Structures are given as C-alpha cells and as structure tokens.
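Reading through the structure tokens given below for one structure.
The values are calculated or read from the model by the stated rules, or taken from the named source; none is laboratory data. Note that this is a predicted model, so its numbers are computed, not measured. A quick note on method: Cβ atoms are made from the backbone with ideal geometry, for glycine too, and the neighbour counts reach across all protein chains shown. Surface areas here come from the heavy atoms of the whole protein model, side chains and all, with no ligands, DNA or RNA. Shrake-Rupley method; radii C 1.70, N 1.55, O 1.52, S 1.80 Å.
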Amino acid sequence: QVQLVESGGGSVQPGESLTLSCASSDNTREYYATAWFRQAPGKEREGVGCIMHGDGGTYYADVVKDRFTISRDNEKNTVYLQMNSLRPEDAADYHCWNPPVYHCTHLSLPESYGSWGPGTQVTVSS
C-alpha cells in the first residue's frame, strides 16, 4: 500500500521561492507518474504539474509554466515541486498523487478518485 507524504509548505512574500516534497513509501518507478494538484479556499482543485517516471517528461499548467519545476530523486523515492516567483494566487493546499498516463498528460482527475490527504499549505502574502 503506497503512502505519499507532502512537506515543505510555508508562508512567503511575493517573489520568493519554496520547494515542496512528495515522499513515497514505495519506489516511484513502480508507478507511471507523480502529479501535483492544489486547491485554494472556495475554488476548484486544479492540476499544477506532472512528471512521467518512464522518460522524465513534465507537464505544467499554463499559469505556472516557466516558474515551477518538477523533478524526482529515485534513490529517495521523492518528487519535488520547485516554485519560484510565487504570487498571491499561488496560495493553496498542495497535494501529490500517482495518476495513470492520461491524467498526467492532461492534468485531470478521474470520475472517482477518492479522498485527499491534508497536503501541505502554501501562503503568499506581503
């Protein structure tokens, strides 16, 4: 039973950076991909980015492209989300999961996903 634990959130000022971590209890190569989603209060959950474990290909939402970078460390079974030039609209609870290929490339959720864990909170305020 795979377990994912997010960490690295915090409170920063606009323009600053944070790096989030998604640690897995299993080898991440046993799954097709790892994706990051986020949800702000009163808003729908949205895809942020995804990395394919096979070839390392990455996919990003337009709003974070060129600011956020996803990478992975197979030795540590951990995927990272490096967030630069943070904006107030980036404030949200961030979650990771292991989607099938379609939901990685499309940054989408299936009809029946299940429950989300607490994730890690990012606050951006001056």
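Accessible surface computed residue by residue for the chain, with neighbouring protein chains in place and a 1.4 Å probe, gives 54 Å² per residue.
Give the distance, in whole Å, between the Cα centre of segment 8-32 and the Cα centre of segment 42-93. What the calculation gives is 8 Å, centre to centre.
Quick check: at a probe of 1.4 Å, how many percent of the accessible area of the chain sits on carbon and sulfur atoms? On the chain, the fraction of accessible area on carbon and sulfur atoms equals 43 percent. For the chain, the dipole from Cβ point charges (+1 on Lys and Arg, -1 on Asp and Glu) about the Cα centre works out to 100 debye, to the nearest 20. For segment 16-126, the relative contact order comes to 33 percent (Cα pairs under 8 Å, sequence separation of at least 6). Reported value for the chain: 101 Å³ per residue, from the convex hull of its C-alpha atoms.
Under the rule that an exposed site lies in a DSSP loop and has at most 10 other Cβ atoms within 10 Å, name the longest stretch of the chain with no GluC sites (Glu not before Pro) of that kind, not counting the sites themselves.
Numbers: sites that count: GLU44, GLU75, GLU111.
Counting only loop sites that pass the neighbour cut-off, the longest clear stretch is 1-43.
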